[in-house]
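The values are calculated or read from the model by the stated rules, or taken from the named source; none is laboratory data. As the structure is a computational prediction, the values presented were derived from the model and not from experiment. Quick reminder, even Gly has a Cβ in these numbers, built from the backbone with ideal geometry, and neighbours come from all protein chains shown. Note: accessible area is taken over every heavy atom of the protein model, side chains too, but ligands, DNA and RNA are not part of it. Shrake-Rupley method; radii C 1.70, N 1.55, O 1.52, S 1.80 Å.
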Amino acid sequence: TSNSSFNAPTITVVVPTYNRLRFLLEAIQSIFSQTRPPQEIIVIDDGSTDDTESAIAHFGQSVRYIKQPNAGPAAARNNGMLHATGNFIAFLDSDDLWAPNRLEKQLEVLKLHPSSDLLFGLESKFTLSGDEKDAQSRTGK
């Protein structure tokens with residue numbers, strides 16, 4: 001990533017999914033709630049047999065939907081990267097949620113450390129009932 005990427009940074013969010021409609025719409029809402037919204041959201045459907053496609057359709061042009069034969073989450077992420085147009089790519093699993101300032105904070109860190117290739121943030125694990133189980137922080141370069 002070059003310093004010119006920070007003049008007008010563009011972010012693509014790639015959301016790989018496989019039969020996770022139960023969680024997917026809330027995950028996408030957490031992207032729309034960002035204080036620094038991305039320019040592009042791509043959902044890569046890894047061969048789901050649920051109603052993922054019709055549920056995503058209600059987002060219209062705001063979410064790009066791409067369906068592929070089931071090949072696993074790594075292949076779905078790779079396919080998302082191939083279609084991404086942003087100069088930064090963020091991944092959100094379809095059963096996860098983002099804090100509202102995640103992308104904003106990550107861009108701030110990347111501006112301070114432009115040679116970084118990868119950035120992780122604080123992670124909180126919670127149950128379906130919403131109880132937080134534990135939290136951990138991970139960073140990497």
Reported set for the range 37-51 where residues are more than 29 Å from Leu107 (Cβ to Cβ) and of a type in the set (S, T, N, Q) is Ser48, Thr49
Only unsatisfied item for Ser30, checking (1) closer than 20 Å to Ala90 by Cβ; (2) assigned to a loop (DSSP other than H, G, I, E, B), is (2)
Scanning the range 66-92 residue by residue, the ones that are at pLDDT 95 or above and open to solvent by 50 Å² or more (accessible area, probe 1.4 Å) total 14
Reported set for the range 25-36 where residues are out of contact with any Pro (no Cβ under 7 Å at 6 or more places or on another chain), surrounded by 15 or more Cβ atoms within 10 Å (Cβ to Cβ), under 28 Å from Glu108 (Cβ atoms) and of a type outside the set (Gly, Ala, Ser) is Ile28, Arg36
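Could you check, for the range 113-133, whether at least one of its residues is surrounded by fewer than 17 Cβ atoms within 10 Å (Cβ to Cβ), part of a helix (DSSP H, G or I) and modelled with pLDDT under 95?
no
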